[in-house]
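The values are calculated or read from the model by the stated rules, or taken from the named source; none is laboratory data. Quick caveat, the model's predicted, so the values are computed rather than measured. Glycine gets a Cβ as well: all are built from the backbone with ideal geometry, and neighbour counts include every protein chain shown. Quick note on the areas: whole protein, heavy atoms, side chains included, nothing else; ligands and nucleic acids left out. Shrake-Rupley method; radii C 1.70, N 1.55, O 1.52, S 1.80 Å.
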Amino acid sequence: MTDQLAISTLTLQHRIPDDWTADPWAEVRPLIGGVDVLKEVHPEGVALSCRYWTGPAESWPLAVTEEPRRVMISEPTCTAGCCGALYVTMRREGDRVIWDAWENTSSFTAVPPDFCFDVAQYEAELSDSGWFERWGCVLMGVSPRREEPGLPEELTSLEGVDVEFYQVRGPGGRTDFYGYELLVARGQSVEEQVWRLATHILADDPRKTAEIQER
């Protein structure tokens, strides 16, 4: 019975996959009560990457409605059809979010228990800052780049993060595209760099501080 489930806390954790060639994007792993329950039952699986977390909030991987939705929550680096994946059904029931009806199609068939979340905490964890929308812009993507072993130096780019967004200038107007090339600094902690890069974006209207891109 879902009304007998204890309330769990959802936390999203970004992680760069070890297999850079399979997917250079950071995966967004859901931790439940601080525990990576996906890894416990699908150790070879990778959560959907941050490229799926752009666009309208209702299209995000973990978005829920009152209508149950079956979601592939963890997949192998090959394909789900090859080595199997982990699925869960998500839905909203009043002030609760329910994850149940798990299915593991990999050779390791164990599944997590059912979970119940407070909808306010759940949706707060999923939400973004709304910063780009504040300026009438839409975030297109956030993609990391890092050193690729084996490539000649002249073919590699500096390590960093590319942020792309656009603005439509009214009905029938042109679309303006913008981008940030945010470079990382060696010898500086991850926390310091995240703070530095975020502060740069949030300091002013992003259309003033980003580069205009020709399309």
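Averaging over all projection directions, the Cα-based convex hull of the range 56-106 occupies 4.0 nm² in the image plane. Comparing Val88, Val46, Val194 in a Gaussian network model of the chain where C-alpha atoms under 10 Å apart are linked, the largest mean-square fluctuation is found at Val194.
Between Arg169 and Ala120, the contour length at 0.36 nm per residue exceeds the Cα-Cα span by 14.2 nm. Between Trp102 and Thr89, the built amide H atoms are under 5 Å apart, and every one of these is 5 or more places off in sequence or on another chain. Its Cα gyration tensor gives the chain an equivalent ellipsoid. The semi-axes, each the square root of 5 times an eigenvalue, are 33, 23, 16 Å from largest down.
Measuring with a 1.4 angstrom probe and ignoring ligands and nucleic acids, Ser106 comes out at about 20 Å² accessible. Heavy-atom surface analysis with a 1.4 Å probe gives the chain a carbon and sulfur content of 53 percent of its accessible area. Taking every DSSP beta bridge that has both ends in the chain, the antiparallel portion is near 95%. Between Ala80 and Phe177, residue separation times 0.36 nm minus the direct Cα-Cα distance comes to 31.5 nm. With protein chains left intact and a 1.4 Å probe, residues in the chain average 59 Å² of accessible area per residue. The length gained on full extension between Glu58 and Thr11, counted as 0.36 nm times the residue separation minus their Cα-Cα distance, comes to 15.1 nm. With respect to the chain, whose longest principal axis is taken over its alpha-carbon atoms, helix 190-202 is tilted by about 60°.
Since only Gly170, Asn104, Val190 are under comparison, the one whose Cα sits farthest along the positive direction of the charge dipole of the range 88-215, derived from C-beta charges on Lys, Arg, Asp and Glu, is Gly170.
Counting Cα-Cα pairs of the range 19-120 in 5 Å increments starting at 0 gives whole-percent bin shares of 2, 12, 22, 25, 21, 12, 4, 1, 0.
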